[in-house]
Amino acid sequence: DTGVSQDPRHKITKRGQNVTFRCDPISEHNRLYWYRQTLGQGPEFLTYFQNEAQLEKSRLLSDRFSAERPKGSFSTLEIQRTEQGDSAMYLCASSPPLGGRSYEQYFGPGTRLTVT
Amino acid sequence: AQKVTQAQTEISVVEKEDVTLDCVYETRDTTYYLFWYKQPPSGELVFLIRRNSFDEQNEISGRYSWNFQKSTSSFNFTITASQVVDSAVYFCALSEPNNNDMRFGAGTRLTVKP
């Protein structure tokens, strides 16, 4: 399977703990996105990478959130001092380099975070 | 500012019925892209279609068809002869070339009953 993969699929943590999620994009895709989806809502954009550069961050991405893509391949999203309001599905997507299909984003299965 | 509205929160149909999911969008850009995604109970968003703003041709893919009308800022999705496997949440989304975020609607939950 050469789709976007995310790990873990589920994470339960206690309030105040730090968590880290990983995303592996489709191999030839140089652009990577993180989204958050809460129950009954559509995904909301968090941040965007082109290769290893983080080019855009949403205002939703508070200072407790940090994302990296050190070698331009996989990416990690860390949440420090988790709060119950952080409970959501965290989705990763990737898209190919600029060209005909570059505006199509392909999503992974998501990591469901529950903060107790 | 970009905005996507899916006014139908939930739709329930009986198998073999046709169903149309509505999507209305707002954007100031003249160039933009519209998408439909399917999110089955497993949770993964499945890409269905992309439509460029300069291409108003409607598209048909099997039982799926899409009606793009710039005059009404709508990009509606019709499933013909619905099947139980079509049950999912469907999202309409919009992106603009100068923005890297994709703006999603709130989704329409479609239930197809046997």
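Here is the interface size for A with B: some 1700 Å² of accessible area buried, both sides summed, with a 1.4 Å probe. Using a cut-off of 31 Å between Cα atoms, the listed pairs A:LYS11/B:LYS16; A:LYS71/B:LYS3; A:LYS11/A:LYS57 include A:LYS11/B:LYS16; A:LYS71/B:LYS3 as exceeding that distance. For segment B:1-60, the set of chymotrypsin sites (Phe, Trp or Tyr not before Pro) satisfying both a DSSP loop assignment and a count of at most 12 other C-beta atoms within 10 Å is given as B:PHE54. Tell me, which longest segment in chain A has none of the trypsin sites (Lys or Arg not before Pro) that fall in DSSP loops with at most 14 further Cβ atoms within 10 Å? In short, A:16-58. As a fraction of the 1.4 Å probe accessible area of the protein assembly as shown, surface on carbon and sulfur atoms comes out at 46 percent.
Farthest toward the positive end of the dipole of the protein assembly as shown, out of B:PHE104, A:LEU39, B:ASN58, is the Cα of A:LEU39, where the dipole comes from beta carbon charges about the Cα centre. Protein heavy-atom accessible surface, 1.4 Å probe, per residue over the protein assembly as shown: 50 Å².
What is the dipole size for the protein assembly as shown, taken about its Cα centre, with +1 at each Lys and Arg Cβ and -1 at each Asp and Glu Cβ, in debye to the nearest 20?
I would put it at about 580 debye.
Taking A:ALA93, A:ALA53, A:ALA67 as the candidate residues, the one with maximal mean-square fluctuation in a Gaussian network model of chain A, Cα springs under 10 Å, is A:ALA53. Projecting the Cα atoms of A:PHE65, B:TYR33, B:PHE77 onto the dipole axis of the protein assembly as shown, where Lys and Arg carry +1 and Asp and Glu carry -1 at the beta carbon, places A:PHE65 farthest toward the positive end. By the Cβ rule of 4.7 Å, the protein assembly as shown holds no cysteine without a possible disulfide partner. Going from the isolated chain to the complete set of protein chains, segment B:44-80 loses at least 40 Å² of heavy-atom accessible area (1.4 Å probe) at B:GLU44, B:LEU45, B:PHE47, B:ARG50. Charge dipole of chain B (Cα centre as origin; +1 on each Lys and Arg Cβ, -1 on each Asp and Glu Cβ, all else neutral): 80 debye, rounded to the nearest 20. Treating r as the C-beta distance of A:LEU98 and A:LEU60 and R0 as 25 Å, the FRET efficiency rounds to 0.45.
Placing +1 on the Cβ of every Lys and Arg and -1 on the Cβ of every Asp and Glu, with nothing else charged, gives segment B:1-64 a dipole about its Cα centre of roughly 180 debye.
The values are calculated or read from the model by the stated rules, or taken from the named source; none is laboratory data. This one's a predicted model, so the numbers in the text were calculated from it and none came from an experiment. For neighbour counting, all protein chains shown are included, and Cβ atoms are generated from backbone atoms with ideal geometry for every residue, glycine included. Calculation scope for accessible area: heavy atoms of the full protein, side chains included, ligands and nucleic acids excluded. Shrake-Rupley method; radii C 1.70, N 1.55, O 1.52, S 1.80 Å.
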